[in-house]
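Report on the structure given below.
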Amino acid sequence: MTSALTKSAKGEQCTLLIFPFCNQDPATTVFCHFNSPSKGMGIKSEDWFGAFGCSTCHDIIDKRRKVDISNAELLLCMQRGLHRTWVRQIDKGLIQFKGQKK
């Protein structure tokens, strides 16, 4: 089942922006779930733990495409992407905080 958080990736700019590989094509953007303790074979992490990613960045995150960047740099791209994605989802009203006024 697809949630509003994952659906919100449609048509968005990539937030991972893995340089120089990102294709920056919003038509290919999907929600990329990151690895977490709750993720396993056939099980995705929670829908709030990921970022908007173009098809190329998604392939890099999921290790379907091998590139010459360090794991540390990849982790930084994921952290920045997570932050950028949350900002967009908060702006859309998809993520709210207790006591937050609309």
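Annotations
- Filter result (assigned to a helix (DSSP H, G or I), under 21 Å from Asp47 (Cβ atoms) and polar (S, T, N, Q)) within region 58-102: Gln79, Thr85, Gln89
- Enumeration of residues in region 20-49 that are modelled with pLDDT of 95 or more and either farther than 20 Å from Val87 by Cβ or small (Gly, Ala, Ser) (or both): Pro20, Phe21, Asn23, Asp25, Ala27, Thr28
- Any hit, region 28-46, residues being surrounded by 14 or more Cβ atoms within 10 Å (Cβ to Cβ), touching a residue at least 12 places away in the same chain (Cβ under 8 Å), assigned to a loop (DSSP other than H, G, I, E, B) and not β-branched (Val, Ile, Thr): yes
- Residue in region 82-91 that is of a type in the set (A, V, I, L, M), within 17 Å of Ser8 (Cβ to Cβ) and surrounded by 14 or more Cβ atoms within 10 Å (Cβ to Cβ) present: yes
- From the list Lys98, Lys92, the one residue that fits, being of a type in the set (Lys, Arg) and without any contact (Cβ under 8 Å) to a residue 60 or more places away in the chain, is Lys98.
The values are calculated or read from the model by the stated rules, or taken from the named source; none is laboratory data. In this text the structure is predicted, and so the values were computed from the model without any measurement. FYI the Cβ positions are ideal-geometry reconstructions off the backbone, even for glycines, and counts take in every protein chain you see.
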